[in-house]
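Take a look at the structure below.
The values are calculated or read from the model by the stated rules, or taken from the named source; none is laboratory data. Computed from a prediction, not measured in an experiment: that's the story for all the values here. Every residue, glycine as well, gets a Cβ built from its backbone with ideal geometry; the counts of neighbours run over all protein chains shown.
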Amino acid sequence: MKRSSILILVLSMVLVLSLTVGAFAQVNNPNTFTKINMGTIDSLDPHYQYDNASSEIYANIYENLIMFKEGDITQYEPLLATEVPTVNNGLIKNDGTTYIFPIREGVTFHEGGTLTPEDVKYSFMRGLIHDRNGGPWWMLYGPLFDAGGLSDITEQVVGVENPSELTAAQSAEVYAELDKAISVDGNKVVFNLPKPNPTFLSVVVHDNGLGAIIDKEWSIEQGAWDGSPETIAEYYDPAKESDPLHEQTNGTGPFMLNTWEKGKRIALDRNDNYWREPAQLERVIINYIDEWSTRKLMLQRGDADVVYMDKQYQSQVENLDGVEFISGLPNLYTGYGLMNWTIDTKGNPDVHSGELDGNGVPSDFFEDINVRKAFNYSMNYDAFVSEVMDGDGQQARGPIPEPFLGFDEDSPVYTMDLEKAEEHFKKAFDGELWDKGFEITILYNTGNSMRKTASDMLKYNIEQINPNFKINVRGIQWASYLDRMIAGKFTLGFIGWGADYADPHNFTVPFMRSDGTFGNFKGESYKEWAKENGVDSLVNKGVEVTDREEREEIYKEIQNIAYEYATDLYLYQPTAHILMRDWVQGWTYDPILHDGIYYYRIYKAQE
Amino acid sequence: MISYIVRRLLILPIILIGVTLLVFSMIMMLGPYERLSTYIKDPAELKNVDVDVLVTKLGLNDPWYEQYGRWISGVARGDMGWSESAGSTVTQAFLSRFPATAELGLLALLPVVVGGVILGVFASVHHNDFWDHVSRVLAIIGWSVPTFVFGLIMLMIFYGTLGWFPPSRLDSWALDIVNSAGFINYTNFFIIDGLLNANFAIVGNAIRHLVAPVITISILWWAFIMRITRSSMLEILRRDYIRTARAKGVKENVVVYKHAVRNALIPVVTVAGRMVLGLLGGLVITETIFNIKGLGQFMAQAAQQLDYPAVLGGTLYFGFLLILINLCVDVSYAIIDPRIRLE
Amino acid sequence: MEWQEVVIRLFKNKISLIGLILIIFFGVIAIGAPWIAPPSDPSEPYMVPRAGWGFEPQPPSSEHIFGTAEGQYDIFYGIIWGTRTAFRIGFIIVGISSFIGILVGTLAGYYGGWFDEVVMRITDIFMAIPFLIAAIVMTTILGQGLRNVMIALITFGWMNSARLMRSQVLSIKEEEFVIAADALGAGDFRIIFKHVILNTIFPLVIEASMRMGSMVITASTLSFLGIGAPEGYADWGQMISFARNWILGGEGNAIKYWFTVVIPGGAITLFCLSWNLIGDAFRDILDPKLQ
């Protein structure tokens, strides 16, 4: 009896204790900022990294020539350049093909070097030669060379497809070509573009690691590109592990690297010799913890200042003591259903019979515009926005998200209309589809509940329309997802794209152009269709004209084509949010860094 | 005994090669594009990838024996390869994660075994009465509640509410000391390093961070040890010599705790030995919840990303451990019970 | 002891009776699932219906008497149909892996020599791969799904039975009746089956009954890692994994989402408990010295 009453006492104590979490009034560690994130940092090399977690680190250590005005991604401010080139101040010349950047003096690198225009040129040249497969440099090869990457240039200049096979002489020839684009003139660095390109500044701006300026002498000492024209083959497409800047840094930014424990934690210290006022925080620590509940408790205890949270848990944090939750921030992202117009049916379980016989779908299932439209009409957009996204975010209106040029909140969109869907299903394949029915498996990558829900909605609605329609929803691992896309076996599945730089071109190319990232996965008939119907040339035209209004018309037309032909199933543009202690001050949202924070202006104080 | 140990050690390389071949052939069942997912973790990374170039560069399309040969010849040279999921070399990844797991696992071993044995002896002494049933049912509940449920409740109570036992391995201030030049990292076991550096604040902090996960693990494994102890005890308690002892009027306590427990421990040692391996490789969930960046979590992640250098490296390492542990178990039999001879 | 006697004793023992009643209760639920929780789509009865598209779990109501889990999956439906899954996982995995174990262990133990050596080294190889890692790699390769999870758990789950069986066989091989049977010229197969297996199998039955329950827990670990049953499949392990991010509650109420943990957790615990009780009772009954 005595023992069991002790047991009951202990149990009830545990219950009471578990109901409350200690709260703090004063600011914890006022000079140290702790963020808890998910995932891992890929690389600290600003020219190599191309993911959110890494770009946050780069943005605080390295600096570019120009930066966005605080909280506004349509306006620029000088950073390592002393002026932002405009036509008015004469630093954009020759009809927008010459950009001139006067370089700031008296800026020192963390390791002691002084910034010179030579460093600027070296930084860009190193990156262009570096051009790692899957890296960010295609963004700059476009405006500077009208090419997709270094291999295009080597092929064009010396006829070698793989830059690692260049001989020293060929390398020098290729280098001469690259060299034409960037030159140093006194304390200015001059970029020469083959034709006007309105995206150029938005590519080299701070937030985008490829424009980071590194110290030439120091980098060469560490073993980065030696500055010689003849060694391109040696330095092209480096492996991460042999990249000398993979884990050491030397920038001009407000913070410098203290320690990087890979996969666990990174600590940055304030740069006290910063060329502007030093930052207010002495130290920034970013921890990587995958368990949401652990992150939440650390925030509640005040041991973390900002934690990463998936949108679906927002109901848990809305009224927490001492915690501020800001949602509804713009997120430059388009989530959509990719429909493969030419499905490879060979050995593909997802098309079942692989024929139009009621027990499967034929290869050209999604080539039929009526099928695509019917699918578009079968999506429950309102429920998706209001329930899955908790009312934040909006239905996507095509590839281009708000607030880019071409986004128009009055443009036509699909709504859920099962009668229209039925109408289109009846027209598809001359009525044959309606009579015979079909069975298809649509895919989502496991762990992504949003995509699973979108697929479930399609299944739920379409199976109501006709009892002979059968949709299976199958979750597959990312490995298989990737494999199916590359191999052309993908049927329909949800996927998304976030902005690399602030221009609609960054969305129209991957989604619409026949050789874009997703265009490649939409099958041969989509490619032909896009070429024949002028989609490709329209996308290209978007960056050939510089006039804002003219561009806007082009992008509106692209949005309209996406709607008119139901090329894909455009679903949603989410919002971003941040979850932090209320003592965090000086934070502004940067949609390009997204979850990343620029810590320069941040401080901690209880108000 | 020496020749037995030598023989077991000679078999070691055969087993290790067998193990890695088995894992490798499993991974090779996937096509090169699927294995590319180790390097392309997100649709965003598809932006400018020429997948075929990448496949060629990484040699993913080569015949399996070439790929395996590349890997094994690297290992022979002491190069375990590069782990994409860790972002470092495999060796580095293991060296930085092994101490975290080992510290937790070894520290947990003591309460697990001691607690489990006490519970088991308790239950066997009370065989088939009320306390036997209560302790068994409680242990089974501990065993069947998923670790993450229990771990999160522990975290909530001991960290969220009381603030006593925070997650991670060390507090931020302690990490700064550990990472500073004045502190020598002999082993990366923070408790041992703290002692060696005579910095007891570090030792205290490290222990403080280990309490909650150790409790979580203990409660989970008690049922396991308890069951073995209980049945082993029940068997021993019926043996002739125990009966004789009882008949001779030896006190019940002496019979149970001096004579029976000692003999009942033999199967417990076997199980505990195998459990060490489970503890080192299977702490995925505890590590995730308490943010201890250890081997379990790392291996699970590597396996999911098909990061084969890491998975193979891990298999090598665990195979090695398994054989060592089995050896220790065999040898300790001989020590506990001199009648057992090793063949 | 004859098996009829074993069964009678199982029913006579109070503890094992509780276990048996629980198992029968679960069995009735499993068999009656189509009537207790009629599926909306009979062709896919294992897919748990969703009550909406939002994420936040909803507390029990008259419509969803156990509430809904993350993603609005109906917990009641998941528990009922999950009972079938639990039995299936348990019986198939434990059955097949024990069979393989018995086969391998008996042959190795009976024939001995180099055959034993080779087989046991192969067993070592399988044991040297951490179980969880092996299961993850295998399901990643085979693709997500319960069938593949079962294949993985069988592939890496037979070794303990094999070792146990082998040691049993080794100890019984020297006993007189086996030697006698051999001398009388009984065929290998008959000796193995009649004398060796039948005389050594009981420890294995005990082990197997314990593993029945823990397989459900293993499956829940895999669900936690995102490689278990497909999302929305009626599986207790997955039902409790849905609770992962809601266990600590929210808005100052730590037990706001208790139903997401307690209900599936209760089912798993009772299931484990019942098999363990039966296993214990088996042990007590079959232990000859206890008579």
Exercise for review: Within segment C:242-281, count every residue that is within 24 Å of B:ARG227 (Cβ to Cβ) and part of a loop (DSSP other than H, G, I, E, B).
Suggested key: 0
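On the given criteria, is B:GLY151 more than 9 Å from chain C (Cβ to nearest Cβ) and buried (at least 22 other Cβ atoms within 10 Å of the Cβ)? Explain how you work it out, then say what you get.
Working: more than 9 Å from chain C (Cβ to nearest Cβ): yes; buried (at least 22 other Cβ atoms within 10 Å of the Cβ): yes.
Here the answer is yes, as B:GLY151 does meet what is asked.
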Check your understanding: Looking at segment A:269-297, which of the residues that are out of contact with any Ser or Thr (no Cβ under 9 Å at 6 or more places or on another chain) and more than 12 Å from chain B (Cβ to nearest Cβ) is surrounded by the most Cβ atoms within 10 Å (Cβ to Cβ)?
Key -> A:ALA279
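Yes/no matrix, rows are residues, columns are (1) assigned by TED's automatic domain parsing to the domain that holds A:LEU569; (2) more than 22 Å from B:GLN304 (Cβ to Cβ); (3) crowded, with 20+ Cβ neighbours inside 10 Å:
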| position | (1), (2), (3) |
| --- | --- |
| A:ALA428 | yes, yes, yes |
| A:GLU432 | yes, yes, no |
| A:GLN464 | yes, yes, no |
| A:PRO467 | yes, yes, no |
| A:GLY475 | yes, no, yes |
| A:TYR481 | yes, no, yes |
| A:THR491 | yes, yes, yes |
**Study point:** Hey, C:ILE125 assigned to a helix (DSSP H, G or I), within 11 Å of chain B (Cβ to nearest Cβ), over 22 Å from C:ILE201 (Cβ atoms) and not hydroxyl-bearing (Ser, Thr, Tyr) or not
**Key:** yes
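Out of B:ARG136, B:ARG97, which single residue is facing chain C (nearest Cβ under 9 Å) and either touching a helix residue (DSSP H, G or I) at 6+ places or on another chain (Cβ under 7 Å) or modelled with pLDDT of 85 or more (or both)? Steps first, please.
On the way: B:ARG97 fails: facing chain C (nearest Cβ under 9 Å).
Result of the check over B:ARG136, B:ARG97: B:ARG136.
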Review point. Do you know which residues across segment B:229-240 are more than 8 Å from every other protein chain (Cβ to nearest Cβ) and surrounded by fewer than 23 Cβ atoms within 10 Å (Cβ to Cβ)?
Key: B:ILE236, B:LEU237, B:ARG239, B:ASP240
Practice item. Collect the residues in segment C:62-99 that are at negative phi, part of a loop (DSSP other than H, G, I, E, B) and either within 14 Å of chain A (Cβ to nearest Cβ) or at pLDDT below 90 (or both), keeping them in residue-number order. Key: C:SER62, C:GLU63, C:HIS64, C:ILE65, C:ALA69, C:GLU70
Check your understanding: Do we find a residue being buried (at least 17 other Cβ atoms within 10 Å of the Cβ) and farther than 30 Å from B:LYS251 by Cβ anywhere in segment B:109-123?
Key -> yes
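Within segment A:251-279, track down each residue that is among the charged types (D, E, K, R), in a loop (DSSP other than H, G, I, E, B) and closer than 30 Å to B:ALA300 by Cα.
To start, the set of residues in segment A:251-279 that are among the charged types (D, E, K, R) comprises A:261-262, A:264-265, A:269-270, A:272, A:276-277.
Of the ones still in play, those that are also in a loop (DSSP other than H, G, I, E, B) are A:262, A:264, A:272, A:276-277.
Those that are among the charged types (D, E, K, R), in a loop (DSSP other than H, G, I, E, B) and closer than 30 Å to B:ALA300 by Cα: A:LYS262, A:LYS264.
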Practice item. Could you pull out the residue among A:SER183, A:SER202 that is assigned to a strand (DSSP E or B), of a type in the set (Ser, Thr, Tyr) and closer than 30 Å to A:TYR76 by Cα? Key: A:SER183
Point to revise | Matching residues in segment A:154-175 - criterion: being surrounded by 22 or more Cβ atoms within 10 Å (Cβ to Cβ) and within 29 Å of the chain's Cα centre (by Cα) | key: A:THR154, A:PRO163
Practice item. Please enumerate the residues belonging to segment A:440-451 that are assigned to a helix (DSSP H, G or I) and either aliphatic (A, V, I, L, M) or modelled with pLDDT of 90 or more (or both). Key: A:MET450
Review point. Within the set of pairs 6+ apart or on separate chains, which have a first residue in segment A:299-319 that is more than 14 Å from C:GLY250 (Cβ to Cβ) and touching a residue at least 60 places away in the same chain (Cβ under 8 Å), a second that is crowded, with 19+ Cβ neighbours inside 10 Å and of a type in the set (Ser, Thr, Tyr), and C-beta atoms under 8 Å apart?
Key: A:ARG301/B:TYR159; A:ASP303/A:THR34; A:ALA304/A:THR34; A:ASP305/A:THR34; A:VAL306/A:THR34
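Every residue in segment C:213-241 that is of a type outside the set (Gly, Ala, Ser), part of a loop (DSSP other than H, G, I, E, B) and surrounded by 24 or more Cβ atoms within 10 Å (Cβ to Cβ), please.
C:ILE227, C:GLU231, C:ASP235
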Review point. What is the number of the single condition among (1) touching a residue at least 12 places away in the same chain (Cβ under 8 Å); (2) surrounded by fewer than 13 Cβ atoms within 10 Å (Cβ to Cβ) that C:LYS14 does not meet?
Key: (1)
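Output the number of residues of segment B:287-342 satisfying the condition of being outside any helix (DSSP H, G or I), at pLDDT 85 or above and on the phi < 0 side of the Ramachandran plot.
4
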Practice item. May I ask you to list the residues in segment C:132-141 that are at the interface with another protein chain (Cβ under 7 Å from one of its Cβ atoms) and over 22 Å from A:ASN448 (Cβ atoms)? Key: C:LEU132, C:ILE133, C:MET138
Point to revise | Failed criterion for A:PHE325 (all others in (1) more than 14 Å from chain C (Cβ to nearest Cβ); (2) out of contact with any helix residue (DSSP H, G or I) (no Cβ under 6 Å at 6 or more places or on another chain); (3) part of a strand (DSSP E or B) hold) | key: (1)
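Being over 26 Å from the mean Cα position of the chain (by Cα) and either within 14 Å of chain A (Cβ to nearest Cβ) or within 30 Å of B:PHE165 (Cα to Cα) (or both) is true for just one of B:ASN197, B:ASN253. Which residue is that? Before the answer, list the steps.
Working: B:ASN253 fails: either within 14 Å of chain A (Cβ to nearest Cβ) or within 30 Å of B:PHE165 (Cα to Cα) (or both).
The unique qualifying residue is B:ASN197.
Of everything in segment C:27-48, what is part of a helix (DSSP H, G or I) and of a type outside the set (Gly, Ala, Ser)? Give them in sequence order. Even if it seems obvious, please write down each step before you answer.
If we filter segment C:27-48 for residues that are part of a helix (DSSP H, G or I), which is where we start, we get C:27-36.
Passing the criteria: C:VAL28, C:ILE29, C:ILE31, C:PRO34, C:TRP35, C:ILE36.
Applying the selection to segment A:430-439, what residues are assigned to a strand (DSSP E or B) and away from chain C (no Cβ under 13 Å)? Steps first, please.
First, the residues of segment A:430-439 that are assigned to a strand (DSSP E or B): A:438-439.
Matches in segment A:430-439: A:PHE438 only.
Report the residue count in segment C:221-237 for those that are of a type outside the set (Ser, Thr, Tyr), within 24 Å of A:ASN472 (Cβ to Cβ) and free of Cβ contacts under 8 Å to residues at least 24 places away in the same chain. Talk me through it step by step, then tell me what you get.
Taking segment C:221-237 as the starting set, the residues that turn out to be of a type outside the set (Ser, Thr, Tyr) are C:222, C:224-232, C:234-237.
In the following step, the residues that additionally are within 24 Å of A:ASN472 (Cβ to Cβ) were identified as C:222, C:225-232, C:234-237.
Within this subset, residues satisfying the condition of being free of Cβ contacts under 8 Å to residues at least 24 places away in the same chain are C:226.
Number satisfying all stated conditions: 1.
Would you check if A:THR82 is exposed (fewer than 15 other Cβ atoms within 10 Å of the Cβ), modelled with pLDDT of 90 or more and more than 24 Å from A:PRO504 (Cβ to Cβ)?
Details: exposed (fewer than 15 other Cβ atoms within 10 Å of the Cβ): yes; modelled with pLDDT of 90 or more: yes; more than 24 Å from A:PRO504 (Cβ to Cβ): yes.
When the stated conditions are applied, A:THR82 passes them.
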Revision key, fill the gap. Among (1) in contact (Cβ under 8 Å) with a residue 24 or more places away in the chain; (2) assigned to a helix (DSSP H, G or I), A:LEU593 falls short only on (2)
Point to revise | Residue check for A:ASN380: within 14 Å of chain C (Cβ to nearest Cβ), under 29 Å from A:ALA487 (Cα atoms) and in contact (Cβ under 8 Å) with a residue 60 or more places away in the chain | key: no
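Report yes if some residue within segment A:341-355 is assigned to a helix (DSSP H, G or I), in the same structural domain as A:PRO401 (by TED's automatic domain parsing) and aromatic (Phe, Trp, Tyr); otherwise report no.
No, segment A:341-355 has no match at all.
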Review point. Of the residues in segment B:124-148, how many are aromatic (Phe, Trp, Tyr), buried (at least 20 other Cβ atoms within 10 Å of the Cβ) and under 20 Å from B:SER231 (Cα atoms)?
Key: 1
